[in-house]
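Below is one structure; the comments refer to it alone.
The values are calculated or read from the model by the stated rules, or taken from the named source; none is laboratory data. Being a predicted model, the structure only gives us computed values, none of them experimental. Backbone-built Cβ (ideal geometry, glycine too); neighbour counts: all protein chains shown.
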Amino acid sequence: MNLMAIDPGGTTGWSTWTYDATTPLLPVEHGMIPGGLAGFIRWWDTSWPAQHFRTYGGEMVAEDFILDGRTAQPDTTALEILGALELLAHQRAFLLRRPRNVMKAHVPDPVLKHHDLWWPGKGHDRDSARHALADMKISRHGPTIARYWGRRKEVA
């Protein structure tokens, strides 16, 4: 199964992953897209990772944008990208999950560092990795939990 993780914003972080019922979530590629919505659309139309995802499908997890009062003047660029993703998910029939930003807390820095997912740069692609791993942890994907947290949780 292919998983694409998106951290939308003025600079959008992305990462692609693969997993199945017996194989943990494993990174394939990652990067950052400058330019807000226009940059994201250009990337979606021209990049190999997006082309691969469009061709073979999979699941997508993208951080949701919730006004929670923590930021005085929030950048709403993420809302534009999320709107585009909703349309793309509808047109391409891929599953889009939109977890809140607080779900990233499930994947602290030491987990990323220990598994060589502390990619250099501003960190937007690292945040996409947090979303991908948190999604697998929350969904109780045993092989991923065993690999990244050292234990296995069985589905109840």
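Of the numbered conditions (1) at pLDDT below 95; (2) in contact with an Asp or Glu (Cβ under 7 Å, 6 or more places away or on another chain), residue 69 fails exactly one; give the number of that condition. (2) is the only condition that residue 69 fails. I need the full set of residues from the range 67-85 which are part of a helix (DSSP H, G or I) and in contact (Cβ under 8 Å) with a residue 12 or more places away in the chain, in order please. Passing the criteria: 77, 78, 79, 80, 81, 82, 84, 85. For the criterion of being farther than 17 Å from residue 125 by Cβ, of a type outside the set (D, E, K, R) and out of contact with any helix residue (DSSP H, G or I) (no Cβ under 8 Å at 6 or more places or on another chain), residue 71 passes. Would you check if residue 86 is touching a Ser or Thr at 6+ places or on another chain (Cβ under 8 Å) and among the acidic types (Asp, Glu)? No, not satisfied. Under the condition of being over 14 Å from the mean Cα position of the chain (by Cα), under 16 Å from residue 17 (Cβ atoms) and either among the hydroxyl-bearing types (Ser, Thr, Tyr) or part of a helix (DSSP H, G or I) (or both), the residues counted in the range 113-141 number 1. Taking residue 103, is it under 16 Å from the mean Cα position of the chain (by Cα), in contact (Cβ under 8 Å) with a residue 24 or more places away in the chain, over 19 Å from residue 140 (Cβ atoms) and not in a loop (DSSP other than H, G, I, E, B)? Criteria not met by residue 103.
Scanning the range 27-66 for residues that are surrounded by 14 or more Cβ atoms within 10 Å (Cβ to Cβ), of a type outside the set (Asp, Glu) and assigned to a strand (DSSP E or B) turns up 27, 30, 31, 32, 33, 60, 61, 62. Restricting the range 91-121 to residues that are loosely packed, with under 12 Cβ neighbours inside 10 Å and in contact with a strand residue (DSSP E or B) (Cβ under 9 Å, 6 or more places away or on another chain), the residue that is nearest to residue 56 (Cα to Cα) is 95. Residues of the range 9-26 that are touching a strand residue (DSSP E or B) at 6+ places or on another chain (Cβ under 6 Å) and buried (at least 17 other Cβ atoms within 10 Å of the Cβ): 11, 12, 13, 14, 15, 16, 17, 25.
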